[in-house]
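Take a look at the structure below.
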Amino acid sequence: MVDEQVIDSPRGWVADHIREYVESDGKKGHLWRGVPTLLLTTRGRKSGQLRRTALIYGQDGDRYLIVGSRGGAATHPLWYENLVADANVRVQVGAEKFSARAGTADPEEKRCLWPTMTAIWPAYDEYQTKTTRDIPVVILERV
């Protein structure tokens with residue numbers, strides 16, 4: 001996974017954010033609108049290509065937390081579908097890069113972890129009211 005070509009999110013502002021993050025080795029882009037972000041690389045479940053996006057994160061001890069909100073859309077974000085298919089991911093937090101295993105928090109874990117994420121990005125609560133799907137909290141653990 002380390003030496004393969006990575007395709008960044010094509011969304012304009014996200015692509016700009018990722019480029020700034022990568023080019024500065026996390027010095028720029030780690031904080032976005034005052035909140036911490038990481039870069040998540042997943043393997044496309046259909047294409048097999050590596051896909052990278054930038055996401056707000058929180059922490060629970062040494063675990064990293066991300067939310068599959070997609071702004072409250074009716075469907076999960078593609079990065080989430082990819083990590084469900086292949087839980088082996090790459091993560092960059094600031095300058096630090098590491099392999100991780102991704103897993104969706106079960107309902108009890110989510111109940112405990114959701115407040116951590118809404119304290120960082122309160123709009124997650126609003127996003128959940130916009131959709132009937134259960135917005136997942138994903139736990140990233142180093143391997």
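Overview of values
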read-out	value
Subset of the range 1-34 [in contact with a helix residue (DSSP H, G or I) (Cβ under 8 Å, 6 or more places away or on another chain), part of a loop (DSSP other than H, G, I, E, B) and under 19 Å from L140 (Cβ atoms)]	S9, G29, H30
Residues of the range 47-59 that turn out to be of a type in the set (A, V, I, L, M) and either exposed (fewer than 15 other Cβ atoms within 10 Å of the Cβ) or free of Cβ contacts under 8 Å to residues at least 24 places away in the same chain (or both), as a count	0
Residue within the range 124-135 that is assigned to a loop (DSSP other than H, G, I, E, B), modelled with pLDDT of 95 or more and among the acidic types (D, E) present	yes
Those residues of the range 60-84 which are surrounded by fewer than 20 Cβ atoms within 10 Å (Cβ to Cβ), over 23 Å from T132 (Cβ atoms) and touching a residue at least 40 places away in the same chain (Cβ under 8 Å), in sequence order	D60, D62, R63
Residue that is surrounded by the most Cβ atoms within 10 Å (Cβ to Cβ), among those in the range 23-46 that are over 22 Å from M117 (Cα atoms) and touching a residue at least 40 places away in the same chain (Cβ under 8 Å)	R43
Pairs where the first residue, in the range 110-127, is aliphatic (A, V, I, L, M) and the second is assigned to a helix (DSSP H, G or I), C-beta under 6 Å, 6+ apart	M117/Y124
Scan of the range 104-134 for residues that are farther than 17 Å from V35 by Cβ and among the hydrophobic types (A, V, I, L, M, F, W, C), ordered by number	A105, C112
Filtered residues of the range 85-119 (kept if aliphatic (A, V, I, L, M), surrounded by 17 or more Cβ atoms within 10 Å (Cβ to Cβ) and over 13 Å from the mean Cα position of the chain (by Cα))	A105, L113
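The values are calculated or read from the model by the stated rules, or taken from the named source; none is laboratory data. Just so you know, these numbers come straight off a predicted model, no measurement behind them. Backbone-built Cβ (ideal geometry, glycine too); neighbour counts: all protein chains shown.
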